[in-house]
1. So if I check each of G182, G188, G238, which one is modelled with pLDDT of 95 or more and over 14 Å from the mean Cα position of the chain (by Cα)?
2. Can you confirm whether R124 is basic (K, R), buried (at least 22 other Cβ atoms within 10 Å of the Cβ) and either touching a strand residue (DSSP E or B) at 6+ places or on another chain (Cβ under 6 Å) or at pLDDT below 90 (or both)?
3. Scan the range 139-155 and tell me whether some residue there is open to solvent by less than 30 Å² (accessible area, probe 1.4 Å), out of contact with any Leu (no Cβ under 8 Å at 6 or more places or on another chain) and either part of a loop (DSSP other than H, G, I, E, B) or modelled with pLDDT under 95 (or both).
4. Being buried (at least 20 other Cβ atoms within 10 Å of the Cβ), of a type in the set (G, A, S) and closer than 20 Å to P19 by Cα narrows it down to one of G158, G195, so name that one.
5. Output the strands (runs of 3 or more DSSP E) that fall wholly within the range 253-304 and possess 3 or more residues being open to solvent by 30 Å² or more (accessible area, probe 1.4 Å) and more than 25 Å from L92 (Cα to Cα), or say none.
6. Is it true that some residue in the range 47-56 is at pLDDT 90 or above, surrounded by fewer than 20 Cβ atoms within 10 Å (Cβ to Cβ), touching a Leu at 6+ places or on another chain (Cβ under 7 Å) and at negative phi?
7. Scan the range 175-213 for residues that are among the small types (G, A, S), within 30 Å of S226 (Cβ to Cβ) and touching a residue at least 60 places away in the same chain (Cβ under 8 Å) and report the count.
8. May I ask you to verify whether G214 is part of a strand (DSSP E or B), open to solvent by less than 40 Å² (accessible area, probe 1.4 Å) and modelled with pLDDT of 95 or more?
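The values are calculated or read from the model by the stated rules, or taken from the named source; none is laboratory data. Not measured: the values here are computed from a predicted model. Every residue, glycine among them, receives a Cβ derived from its backbone with ideal geometry; neighbour counts consider all protein chains shown. Just the protein is used for accessible areas: all its heavy atoms, side chains included, with ligands, DNA and RNA removed. Shrake-Rupley method; radii C 1.70, N 1.55, O 1.52, S 1.80 Å.
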Amino acid sequence: MVHAHAAPPEFTQVLPRTPLSFPRDFGAHPDFRTEWWYATGWLQTPDGKPLGFQVTFFRSATEHDRTNPSRFAPKQLIVAHAALSDPTTGKLQHDQKIARAGFGLAQAAEATTDVKLGTWTMKRDADGIYRVNLPARDFSFSLALAPTQPLLLQGEDGFSRKGPKPEQASYYYSEPQLRVSGTITRNGRPLAVTGSAWLDHEWSSTVLDPRAVGWDWIGANLDDGSALMAFRIRTADGGTLWQHAMLRDGAGRQRRFGNEAVRFVPLRQWRSPRTKASYPVELELGIDGRTWRLIPLQDDQELDSRQSTGAVYWEGAVTLERDGQRAGRGYLEMTGYVKALKL
């Protein structure tokens, strides 16, 4: 997300009752301070083993003079993270890159989703399929993410509140229940994979309240075809400043849930041997009387991006259970556990 202070006046503000427009809003919004395209999912190898993956492209507008005509002026930065979770190793493989936009090296196109950072690319084609090609340091992805359901506009028709003040908000939509196919390559060996994924696209100029240190977020593809998203914004004392959830069932019926209807209850902590941060890697998520237990694919899914965005995240594949039975799979993201989050 973004700095907790109010955005400078040159950045466009998020406003309620502003309808999103597609295909234009699949693309970048350079007049807003921060934006990201975030794909997460579960994969299965030919021998049935599960893997988790995540790919994130960030676009960040700097406070550099935007009227400066120089091609060398660093007006936009492009940052990307990629990670692979493999319970057979118990460790997270990850890589990250950062570059200023321009010179054919990095870009975030405005007409549709088409982001590039060197050889790392994510592009949405005319059929709505996302093509992700990402040769990272220790692994590579070549994946197609195909839609099976309509877009899910988060919050109020895409206007997603993140705090008690109306300006603490983003424009936010998701594409749940994406069908994944392609290859993962490690140690020079390509593996055919299939699976399901979730994609978020979010942009804003001011999101976090000054009291906020980070958030816990989950996007989950439930086995019955439902899509579940929930988050809470945390304060330094571990309290909840704001929370929200969206549940769309397999028939397309949507329900939004506010502060009083959402509960994140830590069940088990994992302490990182690297950063010493303690994360609630197993959680109970309660929404309006329904309860899911979130169980990580592996405990160590911490991504240290201090070389690029400066943040440390726990971003991990989780299974959702209800009444002891599997109910779905998703990704849990937890930020601000090492220090207050500022991108």
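1. Result: G182 is the single residue among G182, G188, G238 that is modelled with pLDDT of 95 or more and over 14 Å from the mean Cα position of the chain (by Cα).
2. yes
3. Yes, some residue in the range 139-155 is open to solvent by less than 30 Å² (accessible area, probe 1.4 Å), out of contact with any Leu (no Cβ under 8 Å at 6 or more places or on another chain) and either part of a loop (DSSP other than H, G, I, E, B) or modelled with pLDDT under 95 (or both).
4. The match here is G158.
5. Of the strands (runs of 3 or more DSSP E) lying wholly inside the range 253-304, those with at least 3 residues that are open to solvent by 30 Å² or more (accessible area, probe 1.4 Å) and more than 25 Å from L92 (Cα to Cα) span 254-257.
6. Within the range 47-56, one or more residues are at pLDDT 90 or above, surrounded by fewer than 20 Cβ atoms within 10 Å (Cβ to Cβ), touching a Leu at 6+ places or on another chain (Cβ under 7 Å) and at negative phi.
7. 6
8. no
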